[in-house]
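Worksheet: one structure, shown below.
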């Protein structure tokens, strides 16, 4: 439990950051996000660099001005997307040569470039450029990835211009506790504004992830925010908060929304299922979101089957409300010193929901 | 200039009805439409009959309840879509056998079915089932189409249950003034709540359309609303208002929006054009819509090129605002007894905009 201040406002943590990859949280306008209570969103450096280009965005007022979002913005370093989306990558000690997933054009991204781009985007929080090892990777590969990540972190630190933009370092080390510990300890020496756990949510099972976090968290300073990148399901967030993580992002609520999978207090539902054909109830009777206060499951199912554009916005609003409300409840439980009870209660209700579905 | 009252509110005419084909004006929520000042929208009987089905909609509160729209709704008869979308049509004196464009399933739609469906949808204004002749069609084909349309109009009239739903008859007759006159005179005998001009905006040139309207309007009662179906461009609406038409619908503002073509007081613009890459101005500096008060052309161009879902909503809001505002200006000009001046001014400005584009 803490508070994070940026040039675009303060907010309490633990916090969930909706993902706005290309300068838009898919299907939503900035005032939808404000109404949902979102205070910080994520932008993807790789995408924005390729299209429309960071220099254009810089000229048009930075990412805040370009997309008309008054809240805080965190940009990733572009590293993860280079590894997951781009083709024909060649990694050197200087950075990564790659081809764009959009048009095959050739590019180079290294620590210097990642900083230049993020400084042009004028995000509130920048991420150091890292090497995110694929999963699974053997010990030697990951050891080198930690070496590169540290080398690049030092260069990012050196490239950072004085000013209000914060810079976070990223801990790598795969699933190897000793490499995670080493990466964390090395990074902390560089005195970043915050620290992220990278290279997780890439295929490892939840127990392994918890072990990695347990090996890392004791080596990060208590008074700096910790950000678990790309995670995840509500239960994954709960376990990470339990270990002291402060910040989260994930495409799950927004992507699931567009695929018709909705989070509810009674478990997940797939709106295309025939059982909702005549269902006049809202998605979640316990939910106070815009969508649930106006539309029935039957109507949302119809829109989804008819591929009506409206459904993407309505579903996204609902799922983000679920996540943002979930974080609010977590913060309240921490304030009330009842987080363990909140966590137990969550799993109890999740189990009940599963039983209801099987019944 | 007049006022039309339905069970879901009154509104001034001439009026433009946004098209909500499948129970949604594409990309917008009902409160977007309310904010835009839309008071009546159109629903398509053919689409709603096929999916999700009129019986389901009836069970869920009619189309108003199903889509949560508090304003007025006009439903078409399904005839035009059977002719333009369905396959393997066979027309008899009883109605039309056809195959669904969705799944090839076989259906029959006639005057009785069109009334049953529209009564289940609980629209405020229903349309009689008509035979819309393709364009071009020879005189004999259109003469028979007028005969069928009249036969079916009589049957629709007989099928109409007592209640608050209004029923409009549809004048057919292609481009043949004598057949239009005949169709209008025959229909008026049946004393409908309003009359529509069907079979226009199907490929004929604007001058021909004006001639058809001139041949028809004198034979329709002055105190009943007249609806020109599926028309059209702002200048088409202007010419029809000039001849006394009260109601309009067209997919042009909404479809163009999704294709990146935007109406402005300076002419139409295609947002994907490279000239808007760094353009910080709103779509239309004279426009007061949600989109223009928040977002730049450069941002909208980026969203469009990146296929971001948000752009469909933002563009649709802008184009519908343009149309609805255009109708407001027409009504004000009529109130001020300055419609001829308004019309001249519109063409003068349109010509200036064209010259600007060429310059």
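Bear in mind that the values in this text are calculations on the coordinates, not laboratory data. Just so it is clear, the structure is predicted and the values come from calculations on it, not from any experiment. Because the Cβ atoms are built from the backbone with ideal geometry, glycine has one as well, and the counts that use them run over all protein chains shown.
Rank the residues A:113, A:204 as a footprinting-exposure proxy: fewest other Cβ atoms within 10 Å of their Cβ go first.
A:204, A:113
Starting from one equal scatterer on each C-alpha and no solvent at all, send me the Debye-based log10 I(q)/I(0) for chain B at q = 0.11 Å⁻¹, two decimals.
-0.76
Could I have the simple spin-label model distance between residue B:94 and residue A:5, label points 7 Å from Cα toward Cβ, reported in nm to one decimal?
Here the answer is 8.0 nm between the modelled labels.
Per-residue Cβ counts within 10 Å, from other chains only, averaged over A:56-69: what number is that?
On the way: counts 4, 3, 0, 3, 8, 2, 0, 0, 0, 3, 6, 7, 5, 0.
Whole-number average of other-chain Cβ neighbours for A:56-69 is 3.
Taking only Cα atoms, what is the 0 to 90° angle, nearest 10, from helix A:206-216's long axis to the longest principal axis of chain A?
Long axis of A:206-216 versus the principal axis of chain A: about 40 degrees.
Would you mind ranking B:265, B:291 so that the residue whose beta carbon has the fewest other beta carbons within 10 Å leads the list?
Arranged by neighbour count, lowest to highest, B:265, B:291 become B:265, B:291.
Shortest first and in nm with one decimal, please list how far the residue A:233 label point sits from its counterparts in the other copies (point 7 Å along Cα→Cβ).
Counterpart label points of residue A:233 in the remaining copies fall at 5.7 nm.
For the pair residue A:188/residue A:338, report the inter-label distance in nm, with labels modelled 7 Å from Cα in the Cβ direction.
3.4
Could you state the angle between the C-alpha long axis of helix B:339-358 and the longest principal axis of the C-alpha atoms of chain B, as a value from 0 to 90 degrees rounded to the nearest 10?
50
Where in region A:315-341 does the label zone of residue A:348 land, with the point 7 angstrom along Cα→C-beta and an amide N cut-off under 14 Å?
A:339-341
Quick one: label points 7 angstrom along Cα→Cβ at residue B:355, distances to the other copies in nm, smallest first?
8.0
Taking chain A as the reference, fit the longest principal axis to its C-alpha atoms, fit the long axis of helix A:177-189 to the helix C-alpha atoms, and give the angle between the two in degrees, 0 to 90, nearest 10.
Tilt of helix A:177-189: around 70 degrees.
Using a label point 7 Å beyond Cα on the Cα-Cβ vector, give me the inter-copy distances for residue B:93 in nanometres, one decimal, shortest first.
Here residue B:93 shows inter-copy label distances of 9.4 nm.
Give the average over all directions of the projected area of the C-alpha convex hull of region B:256-358, one decimal, in nm².
Mean shadow area of the hull around the Cα atoms is 6.5 nm².
What's the average, rounded to a whole number, of partner chain beta-carbon atoms within 10 Å of each residue's beta-carbon in A:19-30?
Shielding by partners across A:19-30 averages 4.
Can you sort A:208, A:90 so the residue with the fewest Cβ neighbours within 10 Å comes first?
Lowest to highest Cβ neighbour count: A:90, A:208.
Can you pull the mean other chain C-beta count within 10 Å for peptide A:297-307?
4
Enter the mean projected area of the convex hull around the alpha-carbon atoms of region B:112-233, in nm², rounded to one decimal.
In nm², the orientation-averaged hull projection of region B:112-233 is 7.3.
Under 4 °C and 1.567 mPa s, how fast does region B:110-160 diffuse according to Stokes-Einstein, given a Kirkwood radius computed over C-alpha pairs? Answer in µm²/s, whole number.
The Stokes-Einstein estimate is 111 µm²/s.
Give the Debye-formula value of log10 I(q)/I(0) at each listed q (0.09 Å⁻¹), with one equal scatterer per alpha carbon of the protein assembly as shown, two decimals each.
For the protein assembly as shown, the Cα-only Debye profile gives -0.87.
How high is the FRET efficiency from residue A:138 to residue A:294, r the C-beta distance, R0 51 Å, rounded to 0.05?
About 0.45, to the nearest 0.05.
Restricting to DSSP H runs of at least four residues, report the calculated mean residue ellipticity at 222 nm for chain A, -39500 (n - 2.57) per run over all residues, nearest 500 deg cm²/dmol.
Roughly -13500 deg cm²/dmol at 222 nm, from the helical runs in chain A.
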